[in-house]
Amino acid sequence: MAGRLLKPKRLDLNWLLELASLTSLGTSLLLAWTYALYRIGLSCPSWDCGHTVRAIVLPLGYWGALLWALLLFAPLVAARKLPWLVAPALALILTLLFADPLPLALLSALLLFLFGAKRLLEALPAGVIAVELAVLAGFAARAYSLRLPLPPALPVHLALYCFLIPATPALAFLACLSPLLVPLAPKGVKLSAPLRGRASLALGLFASFLMWSIVYASALNPGSKLVGVDAVTRYYPHALKLLEGGLPSVLKVGYDRPLHYLLLYGLAKALGPYDAVRVLALTPLVLYTLASYLLAKEFWGGRVAGLAAAVAPVTYTATAGLFGGLYGNWTALALALLACTAAIRWLRRGGAARLLLYLLLLAAVAGVHVYMGAVAFAALSLFLLLAATRKGYRRRALVALALQVVVAAVGLYAAELYLSSLGARGPFSVTALNVNLWLKRAASTRLFSEEWWYDFCFAVYRYAPSTALDPSVWLLTTLAAAVLGFKDLGGLLLAPWMILTALLTFTAPSSLIYRSLLDFPYSLAEAVGLAYLTAFIEERLGGGTAKLWAAALLLFKLSFALAFAVGLAS
Amino acid sequence: MKKMKPVRFWKFAYALTLLALFAHALYEYPPAAAHFADMWSGGARLSPFDSRLHKPAVVYAIEKSGSELKVRVLRTYAQPAIQDMAIRLTVFNSDGSASVYVFKQRAPPGRLTEYTVHAPLAVSLRVEIEVNGAREVEERWLGGS
């Protein structure tokens with residue numbers, strides 16, 4: 001049914017009726033769900049002009065009730081269940097009589113039984129798509145000062161995930177432990193994606209520019225004030241220092257991220273310090289999207305790669321990265337994905353140039369952000385070690401591993417000598433400082449105690465407010481680890497990487513928990529989770545329904561991320 | 001009776017162990033998360049048919065507990081452009097005096113804000129909300145001495 005909707009032979013009345021029927025049934029179900037949460041009295045935290053708790057309130061009114069009743073008519077007419085047509089009218093009368101939409105909500109739920117579970121699973125994503133499109137139009141209107149007569153769809157969007165807010169830290173925690181699910185991975189996992197890779201890549205790049213433009217080129221931020229913690233407290237003052245000290249000051253000021261500061265220096269010279277920081281925010285958004293695409297393409301092919309690119313600018317990495325202004329970590333993560341792409345090409349096809357490119361990119365990761373370089377080095381070492389257990393990759397994996405250890409040792413020693421001679425901090429002292437900080441915290445923490453959980457919850461709810469509250473990040477990541485296992489080459493990368501991230505997150509000081517969570521490439525894991533879900537639905541309900549679900553999830557993620565960007569810029 | 005394959009048995013045993021581990025790790029999660037419950041429990045509600053929901057802001061709830069007076073104001077989803085909101089609380093006391101409190105803030109759509117004032121002798125309250133030039137006034141009798 002849904003498949004026919006997505007590929008109409010010609011635009012006829014039946015097709016339009018079918019589309020209206022699915023969308024209206026889905027929307028009325030979502031209204032009933034929002035009403036149920038409103039009755040419970042749930043609210044939803046978000047970031048908008050600071051920390052904001054939003055009420056789940058349906059400003060229905062009499063016209064809204066009439067519209068809801070009309071939404072209930074459409075599926076009944078399309079299904080030719082004519083005797084049932086009296087039900088919406090009756091529900092509307094009762095709703096108006098009691099001034100409470102309970103009858104309309106009950107009728108929406110009742111239609112579930114009338115139409116069956118399959119129809120429900122087709123209608124729900126159609127409803128989500130309609131709601132999210134209205135929400136996105138609302139954000140566009142707010143960001144670009146457009147006057148559009150839009151329904152207040154934001155409470156319905158919030159209702160889609162706010163019931164999971166009390167459990168979000170637990171979901172993030174389970175995602176961290178997801179590598180433990182690897183031994184339970186099913187055999188013969190199929191991945192599927194609705195759009196062609198390049199089309200999704202174009203969408204991902206568009207979303208990257210959109211996120212940046214909402215923050216820096218919209219009516220919400222007319223003075224283009226700098227947005228993000230590090231953008232204000234680190235990059236702008238350091239850009240001024242770099243301009244004052246010239247090129248030699250790059251190493252002194254940016255001792256833990258010299259290559260990134262070289263870029264900042266170049267941008268500041270060309271554009272001035274203020275615009276340099278603004279452009280610096282765009283670099284990781286675009287680079288991470290491209291890098292996610294290229295690596296996912298190596299692992300799982302073009303279609304899943306397209307999903308990774310579409311997810312990259314709207315995942316936790318992007319929201320937390322923009323909030324914290326963590327452009328260095330984020331750029332280094334993107335470069336680590338590019339390094340991994342080169343490593344896989346070397347493993348599969350050989351060629352000294354590929355190996356050299358891998359080593360150069362890995363060194364660049366450390367040059368852009370020392371901490372992220374250490375994480376990427378450890379993750380890629382584990383990946384190569386695991387790849388060495390595979391027959392076809394053994395020799396090349398061990399060669400790459402040996403060379404990267406040598407390059408790292410020589411590079412660290414040379415950097416230590418050079419930086420010490422300049423009077424700047426060397427990598428050993430930076431590492432020792434961080435390790436000491438970490439060890440102190442690890443020694444004073446009792447893992448999984450109430451105090452530990454308080455810190456973890458604080459990091460999720462308050463420290464980087466609402467960036468981590470998109471439950472799809474954690475659910476899809478967990479799903480990816482559970483289905484990939486170690487049979488897939490991608491599983492060999494993601495599971496050890498997540499183990500490292502979990503170790504760092506669980507032992508981090510409370511102020512660094514959200515940054516430690518940022519060390520993992522969620523775009524890849526989410527793309528796999530989404531592709532698995534799409535294939536699963538395709539097998540049971542058909543390709544059309546699978547496409548609707550994939551589109552609904554992507555639009556939900558886009559709305560969540562844009563809501564955050566709008567709140568950040570306001 | 002069918003015999004369980006050894007691989008299946010180990011998978012089953014592993015899954016049970018994992019469940020036990022997760023249960024142990026999550027045991028102290030609920031009391032820790034409860035500290036943040038104010039984020040997801042909005043409390044009092046307005047009827048979806050309340051015409052005030054079409055105005056930019058309304059009084060959502062008023063609570064008097066001990067000497068504290070809590071006023072929750074809802075910036076509704078109407079007129080979704082961000083607005084500057086000014087709240088003026090006038091507390092009328094049983095001794096005939098009145099105290100005035102003024103709060104100003106940016107108010108995005110949907111925001112629930114709680115204002116707490118020390119008012120041990122309060123008997124009635126007037127809440128004036130001004131959003132973008134439009135003014136709403138609500139008066140409540142609080143009872144008591």
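Observations on the structure shown:
- Residue check for A:L136: buried (at least 21 other Cβ atoms within 10 Å of the Cβ), more than 11 Å from chain B (Cβ to nearest Cβ) and under 20 Å from the mean Cα position of the chain (by Cα): no
- Residue-level check: of (1) surrounded by 17 or more Cβ atoms within 10 Å (Cβ to Cβ); (2) under 30 Å from A:L355 (Cβ atoms); (3) not β-branched (V, I, T), A:A468 misses just (2).
- Every listed requirement among (1) at pLDDT below 90; (2) more than 7 Å from every other protein chain (Cβ to nearest Cβ) is met by A:G41 save one, (2).
- Long-range neighbours under 9 Å by Cβ, at least six apart or interchain, first residue under 24 Å from A:R349 (Cα atoms) within the range A:396-413, second loosely packed, with under 14 Cβ neighbours inside 10 Å and among the polar types (S, T, N, Q): A:A397/A:T389
- Restricting the search to helices (runs of 4 or more DSSP H) fully inside the range A:101-218 and requiring at least 1 residues that are of a type in the set (V, I, T) and closer than 17 Å to A:D470 by Cβ gives A:117-143, A:154-161, A:168-176, A:197-216.
Table: residues versus (1) at pLDDT 85 or above; (2) touching a strand residue (DSSP E or B) at 6+ places or on another chain (Cβ under 6 Å); (3) in a helix (DSSP H, G or I).
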residue	(1), (2), (3)
B:K2	no, no, no
B:A15	yes, no, yes
B:P30	yes, no, yes
B:H35	yes, no, yes
B:Y60	yes, yes, no
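- One residue alone among A:A502, A:A459, A:A525 is within 14 Å of chain B (Cβ to nearest Cβ), of a type in the set (G, A, S) and crowded, with 24+ Cβ neighbours inside 10 Å, and that residue is A:A459.
- A:K297 of a type in the set (K, R) and more than 28 Å from A:L243 (Cα to Cα): yes
- Taken as a whole, the range A:103-116 holds no residue that is surrounded by fewer than 19 Cβ atoms within 10 Å (Cβ to Cβ), among the polar types (S, T, N, Q) and out of contact with any Cys (no Cβ under 8 Å at 6 or more places or on another chain).
One line per residue, one yes/no per condition, for (1) within 14 Å of chain B (Cβ to nearest Cβ); (2) surrounded by fewer than 17 Cβ atoms within 10 Å (Cβ to Cβ):
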position	(1), (2)
A:L180	yes, no
A:A185	yes, no
A:L191	no, no
A:L195	no, no
A:R198	no, yes
A:A202	no, yes
A:V215	no, no
A:N221	yes, no
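- Screening B:V123 with (1) at pLDDT below 85; (2) more than 14 Å from chain A (Cβ to nearest Cβ) gives one miss only, at (1).
- Residue count for the range B:56-88, restricted to those that are surrounded by fewer than 16 Cβ atoms within 10 Å (Cβ to Cβ) and within 11 Å of chain A (Cβ to nearest Cβ): 2
- Residue, farthest from the other protein chains (Cβ to nearest Cβ), within the range A:88-100, restricted to residues that are assigned to a helix (DSSP H, G or I) and closer than 17 Å to A:W33 by Cα: A:A91
- Among the residues making up the range A:224-267, a single one is in a loop (DSSP other than H, G, I, E, B), farther than 22 Å from A:F323 by Cβ and either within 31 Å of the chain's Cα centre (by Cα) or at pLDDT 95 or above (or both): A:Y255.
Yes or no, residue by residue, for (1) touching a Pro at 6+ places or on another chain (Cβ under 6 Å); (2) among the polar types (S, T, N, Q); (3) in contact (Cβ under 8 Å) with a residue 24 or more places away in the chain; (4) more than 16 Å from B:K64 (Cα to Cα):
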site	(1), (2), (3), (4)
B:K104	no, no, no, yes
B:A107	no, no, yes, yes
B:R111	no, no, yes, yes
B:P120	no, no, yes, no
B:R126	no, no, yes, no
B:N132	no, yes, yes, yes
B:E136	no, no, yes, yes
B:R140	no, no, yes, no
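- Checking each residue in the range A:414-437 for being touching a residue at least 24 places away in the same chain (Cβ under 8 Å) and touching a Gly at 6+ places or on another chain (Cβ under 6 Å) picks out only A:L419.
The values are calculated or read from the model by the stated rules, or taken from the named source; none is laboratory data. Treat the numbers as computed from the prediction; the structure is a model and nothing was measured. Neighbour counts are summed over all protein chains in view; Cβ atoms, including those assigned to glycine, are modelled from backbone coordinates with ideal geometry.
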